[in-house]
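S.K.: Structure provided below as structure tokens; questions to follow.
The values are calculated or read from the model by the stated rules, or taken from the named source; none is laboratory data. Since the structure is predicted, the reported quantities are computational estimates derived from the model, not experimental observations. A quick note on method: Cβ atoms are made from the backbone with ideal geometry, for glycine too, and the neighbour counts reach across all protein chains shown.
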Amino acid sequence: MKFEIVIAIMPYEKECKAIASAKKAGATGATVISSHGTGIKEAKTFFGLTVEMKQSILLTLVERHIVHKVVKAIYDELDMKSPGSGIVFSFPIESVMGLESQLSIIRKEAEKEYF
């Protein structure tokens, strides 16, 4: 099996929507990391202190045949066309260990897709 990691960065209040849409599209799990960052516009300041919006990073490992489906589901659900609504992307993974508890589900889904 070939895997890719899907990474979505979004405002933290949208993380539950992102997880739900990824799972609905076939992801079997996700890891969420709290973060903050900067975009094309400067961060707002308040009395000289920079106010940064809290963000979440969603990491989910998926079988290659459903990558586009998961990316598109997150993109659509979070309406990422709007500025400041986030970004989602993926890249291939060379090797993976520790998915034993999920492999039976992943195999069944892959078999449906390929056979």
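S.K.: Would you check which residues across region 52-91 are farther than 20 Å from Arg107 by Cα and among the hydroxyl-bearing types (Ser, Thr, Tyr) and list them?
M.R.: Ser56, Tyr75, Ser82, Ser85, Ser90
S.K.: Out of everything in region 40-53 that is of a type outside the set (S, T, N, Q) and surrounded by 11 or more Cβ atoms within 10 Å (Cβ to Cβ), what residue ends up being modelled with the highest pLDDT?
M.R.: Filtering first and then ranking leaves Met53.
S.K.: Just to verify a result, which residue in region 2-12, among those that are buried (at least 21 other Cβ atoms within 10 Å of the Cβ) and in contact with a Leu (Cβ under 7 Å, 6 or more places away or on another chain), is modelled with the lowest pLDDT?
M.R.: Across region 2-12, the extreme among qualifying residues is Met10.
S.K.: Quick check on this structure: which one of Lys81, Lys23 is surrounded by 13 or more Cβ atoms within 10 Å (Cβ to Cβ) and at pLDDT 90 or above?
M.R.: Lys23
S.K.: Considering every residue within region 90-99, establish whether at least one is closer than 13 Å to Ser21 by Cβ and under 18 Å from the mean Cα position of the chain (by Cα).
M.R.: no
S.K.: Moving to a separate point now. Which one of these is surrounded by 13 or more Cβ atoms within 10 Å (Cβ to Cβ) and modelled with pLDDT of 90 or more: Glu15, Glu109, Glu94, Glu63?
M.R.: It is Glu15.
S.K.: Can you tell me which residues in region 57-115 are among the hydrophobic types (A, V, I, L, M, F, W, C) and in a helix (DSSP H, G or I)?
M.R.: Ile66, Val67, Val70, Val71, Ala73, Ile74, Leu103, Ile105, Ile106, Ala110
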